[in-house]
Amino acid sequence: MSNRGNFSGQIGFILAATGSAVGLSNIWRFPYLTGQNGGAVFLIIYVLCIFLFCFPVLVGEIAIGRAGGKDAYGSYKKLGNKKWGWLGLGGIISGIFILSYYNLVAGWAFGYFFEIVFFSALSETDHAGFFSSFISNMSSSFIYAFVFLFLTAACVVQGIQKGIEKLNKILMPSLLIVLLGLIAYALTLPRAMEGITFYLVPDFSAITKQTLFDALRLSFFTLSIGVGGLITYGSYLDKGQNIVRSSAIVTMSDTTVAFLAGLMIFPLVFSAGKSPTEGPALVFIVLPEIFKGMGPLLGRIVGGAFFLLLCFATLSSCVSLLELAIAYFIDEKKLPRKKIVWIVAAVIFIIGIPSTLSFGDYPIFNKLSFYKDRDFFTLVADVTDISLTVGGCLMCLFIRNRWKMVNLNQELTFGNPGFPGSFVQRYINFAIGYLCPTLLAVLSALIIIDKIFGI
Ligand code: PHE
């Protein structure tokens, strides 16, 4: 175990798992989906989904990792058999594909930081036009994505304590400071309270099937469950740590960051008289317009801080996705971390090329005839989205049918002697045994129907 590396303690693990969880979905997807789905009511449903359905799956995934003591493939294989190992391998491959497109969007955030702080992005008159020319400029897209992936690899190559843990110990508190600073500023703006009302006073008539569907999907994605990243992090956790408590803290921290992101964005949006229903454009088009309205100096400071925040959040998620693959090569293929990190990062960069080209003038990548003329980027994002919920569902079935609930309970009792017989134990067993696999199976089917048949 010692030559694989491990977290120095509970705090290191919690910060790293929180770093994995906090990402684009908290600061980009959560606010725009809340804006599109009626505000406060979406927030309430999202929080319920997180605690009722996602938390038990998170606990299960970390427990598999700690009990297996290996990468995602190795842990499934050890606790199950070679066939179950394929589930871990599927997660690793899916993680590689997620990183290939996630890194591109992270690169946009990185690029926006530079464009706003050092170049003239804020003096643009047409922000939508600027965004589309920004993402269709292939040379800058490749450079930003390359540099971002390089930073990710440079961290992972340092190993668990000196790389991943250290990075998150710096990034997570910095993220919180920047976020709180931006909220304090946003709340002083005129009409900020209109944004707060939209965000915090629920209008239950706004609930639709879409609200439930979006909240459920987002809640699984945001906690990074289903691909095995947390199996990997769990395998670096020692037996004395309380998994249930750590998972509860990670869940709460991730939800708090999403909540705070909303608390910053809605006052900004309402005080500028903008609509919160803009969708994905909210962060890259509407916010820069608002930053511009603040004047050249303040706009640069607030806008720069915002995109820096987004970079912090995405970097720690990218790191967990890369580590998922790296752990496999170290544990299963006995390859040295120092070498394999750069090789895998290079492969991921190459896999990401078609996604990047999707935004350029390349019909073979941006108009896939076999996928309803959608682009390659959307294809990868959709397929990996499905793999997350399918992976989560199969993981619950693995625990119930193969590894068995008694072994899960035994693993969760290490570091938590009060666990057996507690309400939490009964709930986790019920959720992993029945509730979550059913829900995840239905959700996976709905996502497939939605993506492929567009219903
Ligand atoms: N949880 C990350 C986010 O919210 C995304 C992610 C998914 C990271 C799966 C790792 C594994 O952006």
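Observations, loosely collected:
- C311 meets each of the listed conditions (1) over 21 Å from L122 (Cβ atoms); (2) open to solvent by less than 20 Å² (accessible area, probe 1.4 Å); (3) assigned to a helix (DSSP H, G or I) apart from (1).
- Scan of segment 267-279 for residues that are farther than 18 Å from G181 by Cα, in contact with a helix residue (DSSP H, G or I) (Cβ under 6 Å, 6 or more places away or on another chain) and open to solvent by 20 Å² or more (accessible area, probe 1.4 Å), ordered by number: F270, A272, K274, T277, E278
Residue-by-condition table, conditions (1) modelled with pLDDT of 95 or more; (2) of a type in the set (S, T, N, Q); (3) open to solvent by 10 Å² or more (accessible area, probe 1.4 Å); (4) more than 16 Å from the ligand (Cβ to nearest atom):
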site	(1), (2), (3), (4)
G5	no, no, yes, yes
I14	yes, no, yes, no
N26	yes, yes, no, no
F30	yes, no, no, no
V57	yes, no, no, no
G68	yes, no, no, yes
K82	yes, no, yes, yes
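- Filtering segment 119-129 to residues that are open to solvent by 30 Å² or more (accessible area, probe 1.4 Å) and in contact (Cβ under 8 Å) with a residue 40 or more places away in the chain leaves S123, E124, A128.
- Residue ID - most open to solvent (accessible area, probe 1.4 Å), chosen from residues in segment 32-53 that are β-branched (V, I, T) and under 19 Å from the mean Cα position of the chain (by Cα): V47
- Selection from segment 232-259 of residues that are open to solvent by 10 Å² or more (accessible area, probe 1.4 Å) and either within 21 Å of L298 (Cα to Cα) or assigned to a loop (DSSP other than H, G, I, E, B) (or both): D238, K239, G240, Q241, N242
- Of the criteria (1) in a helix (DSSP H, G or I); (2) open to solvent by 10 Å² or more (accessible area, probe 1.4 Å); (3) modelled with pLDDT of 95 or more, which one E289 fails: (3)
For (1) part of a helix (DSSP H, G or I); (2) more than 16 Å from the ligand (Cβ to nearest atom); (3) open to solvent by 40 Å² or more (accessible area, probe 1.4 Å), each residue gets a yes or a no:
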{"site": "V319", "(1), (2), (3)": "yes, no, no"}
{"site": "E323", "(1), (2), (3)": "yes, no, no"}
{"site": "F349", "(1), (2), (3)": "yes, yes, yes"}
{"site": "F359", "(1), (2), (3)": "no, yes, yes"}
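- Meets criteria (farther than 21 Å from I27 by Cβ and touching a residue at least 60 places away in the same chain (Cβ under 8 Å)) for I330: yes
- Consider segment 216-231 and keep the residues that are within 12 Å of the ligand (Cβ to nearest atom) and open to solvent by 20 Å² or more (accessible area, probe 1.4 Å). The one that is modelled with the lowest pLDDT is R217.
- Qualifying residue in segment 326-342 (condition: touching a Phe, Trp or Tyr at 6+ places or on another chain (Cβ under 7 Å), among the aliphatic types (A, V, I, L, M), part of a loop (DSSP other than H, G, I, E, B) and open to solvent by 50 Å² or more (accessible area, probe 1.4 Å)): yes
The values are calculated or read from the model by the stated rules, or taken from the named source; none is laboratory data. What you are looking at is a predicted structure, and each value in this text was computed from that prediction instead of being measured. Cβ sites come from the backbone with ideal geometry, for glycine too, and all protein chains shown count toward neighbours. SASA here: full protein model, heavy atoms, side chains in, ligands and nucleic acids out. Shrake-Rupley method; radii C 1.70, N 1.55, O 1.52, S 1.80 Å.
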